[in-house]
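**Student:** Structure below; questions to follow.
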Amino acid sequence: MRFSVLDRANAIAGLSESEVLQGVLEHARSAESRGFRRFLVAEHHAVPGLPGSQPAMLATAVGAATESIRIGTAGIMLPDHQPLIVAEQIATLEALHPARIDAGIGSSLGFTAPVRAALRQGDVAELKKRYPDDLRELLGYLRGDAAVTARPFNGGATPVFLLAGFRSALLAAELGLGVILGGPNQVDAARLYRENFRPGLIDAPQAILSFNVAVADTGESARDLLIPEAWAQAKARSTGSFDGLQPLDELDESTLSGRERRRIGEALDTGIHGTPAEVAEQLRRLLDAAGAEEILLTGGMSDLAGRARSEELLAELADA
């Protein structure tokens, strides 16, 4: 059982955005010291609660702050950029940190219509339709067999993972890429990916399952770690603003609508939380069913000490 970490650079009440990004580097060093496999960062544009807007830049800083852990993106959103620019970002990361980079590529569009306009994204339907072709173009630049040779020259050295549900899992299988699977049907998507995989940029299928995971000495304490992010997500769907994560004891349940309560409950139900023994059983069952061996930890937490303890307990599970 292997663990990797995705740090979305969640804003946290009481911390400046600079402190949040510096905290990402501290988190990476902690993940490395615990023997985790990878440390990944994400891309979000103009989202108040997520100051991590530039994953390639942040991954460069993570690489400089660490020594051995694999680093990368989950992901660079291809509709936000020209494929050549993404290839240059990935190739630069690889040249600076050889044999340590994993390039996670996603298809998400801007968070709101004004953000999509600022990114010059144009017609949403056209962007979604063009994504497979843009991805093939990107891979050509990375391999070095396109009409234009991206610099630094990569030669296909960097593993590429698609952030995937069912449709992108099939695309990853067709092109011979790895997948980072999210959502409630990861086991089924992993099976579909493996059944349809054809060698490409990699020779054998490689699937990573992503879940919000929290471990503590009691089940209730573990669940509490995931509540602030679930709360922020539920509020964002009502207000359109994803705000920084609040301490658990400052969340006022009287402000929640019935729909928001249901959404928080649903978010917690899709996560994995409990004591070490409870979480180990859940993870082994999922990994066995999916034919996978790696879990990407994705939950943002306002309780940083609780997060550190959770990851300490997970590292012990990995060693068991």
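The values are calculated or read from the model by the stated rules, or taken from the named source; none is laboratory data. Predicted model, so just to flag it, every value in this text is computed and none were measured. Glycine gets a Cβ as well: all are built from the backbone with ideal geometry, and neighbour counts include every protein chain shown. When the accessible area is computed, the model is the full protein with side chains, heavy atoms only, and any ligands, DNA or RNA have been set aside. Shrake-Rupley method; radii C 1.70, N 1.55, O 1.52, S 1.80 Å.
**Student:** Computing the accessible area with a 1.4 Å probe over protein heavy atoms, can you report the carbon and sulfur percentage for the chain?
**Tutor:** Carbon plus sulfur share of accessible area: 49 percent.
**Student:** Further question: Applying the Karplus parametrisation 6.51 cos²θ - 1.76 cosθ + 1.60 with θ = phi - 60° to the phi angles of the stretch 22-30, what ³J(HN,Hα) value in whole Hz is obtained for each residue in order, glycine and proline being reported as x?
**Tutor:** Coupling constants for the stretch 22-30: 5, x, 4, 5, 4, 4, 4, 5, 5 Hz.
**Student:** Divide by every residue of the chain the summed helix terms, -39500 (n - 2.57) for each DSSP H run of at least 4, and state the resulting mean residue ellipticity at 222 nm, rounded to the nearest 500 deg cm²/dmol.
**Tutor:** Calculated mean residue ellipticity at 222 nm is -15500 deg cm²/dmol.
**Student:** So, one more: Using the Cα atoms of the stretch 14-53, I'd like the radius of gyration and the largest Cα-Cα distance, Dmax, both in angstrom.
**Tutor:** Rg, Dmax (Cα atoms, Å): 11.5, 33.
**Student:** Determine the principal axes of the Cα atoms in the stretch 167-298, then give the extent along each, sorted from largest to smallest and rounded to whole angstroms.
**Tutor:** For the stretch 167-298, the Cα spread along each principal axis is 53, 36, 21 Å.
**Student:** Considering only Gly291, Phe161, Gln121, whose Cα is most displaced toward the positive end of the charge dipole of the chain, charges sitting on Cβ of Lys, Arg (+1) and Asp, Glu (-1)?
**Tutor:** Gln121
**Student:** Note the listed values (1) 71, 47, 40; (2) 59, 47, 37; (3) 85, 43, 36, then indicate which one is Cα extents along the principal axes in Å calculated from this particular structure.
**Tutor:** Computed from these coordinates, Cα extents along the principal axes in Å corresponds to label (2).
**Student:** Would you mind calculating the relative contact order of the stretch 171-282 from Cα pairs under 8 angstrom and at least 6 residues apart, reporting the percent as a whole number?
**Tutor:** 28
**Student:** Sort 81-91, 248-258 by packing, meaning the average of other beta carbons within 10 Å per residue, with the highest value first.
**Tutor:** Per-residue mean Cβ counts within 10 Å order the peptides as 81-91, 248-258.
**Student:** Name the shape class, rounded, prolate or oblate, that the alpha-carbon gyration tensor gives for the stretch 89-247, where a ≥ b ≥ c are the square roots of its eigenvalues, rounded holds for a/c under 1.5, and otherwise prolate holds if a/b is larger than b/c and oblate otherwise.
**Tutor:** It comes out prolate by the Cα gyration axes.
**Student:** Answer with one residue from Ala9, Thr66, Leu84: the one whose Cα lies farthest towards the positive end of the charge dipole of the stretch 1-92, charges on Cβ with Lys, Arg +1 and Asp, Glu -1.
**Tutor:** Thr66
**Student:** Would you please put 12-24, 289-301 in order of how densely packed they are, using the mean number of other Cβ atoms within 10 angstrom per residue and starting with the highest?
**Tutor:** Peptide ranking by packing, descending: 289-301, 12-24.
**Student:** Still on this structure: Charges only on Cβ, +1 for Lys and Arg, -1 for Asp and Glu: so what's the dipole of the stretch 1-119 about the Cα centre, in debye to the nearest 20?
**Tutor:** 360
**Student:** Moving on to the next point. 5 Å is the cut-off here: which amide hydrogens, built 1.01 Å from N in the peptide plane, fall below it relative to Ile12, excluding neighbours closer than 5 in sequence?
**Tutor:** When sequence neighbours closer than 5 places are left aside, the close amide H contacts are Leu245.
**Student:** Taking the stretch 234-274 as the region of interest, what is the percent of Cα-Cα pairs per 10 angstrom bin, listed from the shortest bin to the one with the maximum distance?
**Tutor:** Over the stretch 234-274, the share of Cα pairs per 10 Å bin runs 25, 58, 17, 0 percent.
**Student:** Give the distance, in whole Å, between the Cα centre of the stretch 257-311 and the Cα centre of the stretch 77-134.
**Tutor:** So the two Cα centres are separated by 28 Å.
**Student:** Placing +1 at every Lys and Arg Cβ and -1 at every Asp and Glu Cβ, with all other atoms neutral, what dipole size does the chain have around its Cα centre, in debye to the nearest 20?
**Tutor:** I would put it at about 940 debye.
**Student:** Taking amide H positions as placed in the peptide plane 1.01 Å from N, state which residues far from Gly49 in sequence (5 or more) or on other chains have amide H under 5 Å from it.
**Tutor:** Phe242
**Student:** Also: Using only protein heavy atoms and a 1.4 Å probe, report how much of His273 is accessible, in Å² to the nearest 10.
**Tutor:** Here the accessible area works out near 50 Å².
**Student:** Lys and Arg at +1, Asp and Glu at -1: add these up for the other residues within a Cβ distance under 12 Å of Leu21 and post the number.
**Tutor:** Around Leu21, the charge tally is -3.
**Student:** Sticking with this structure for a sec: Can you compute the charge dipole magnitude of the stretch 96-189 about its Cα centre, using +1 on each Lys and Arg Cβ and -1 on each Asp and Glu Cβ, nothing else charged? Give it in debye, rounded to the nearest 20.
**Tutor:** Here the stretch 96-189 has a charge dipole of around 220 debye.
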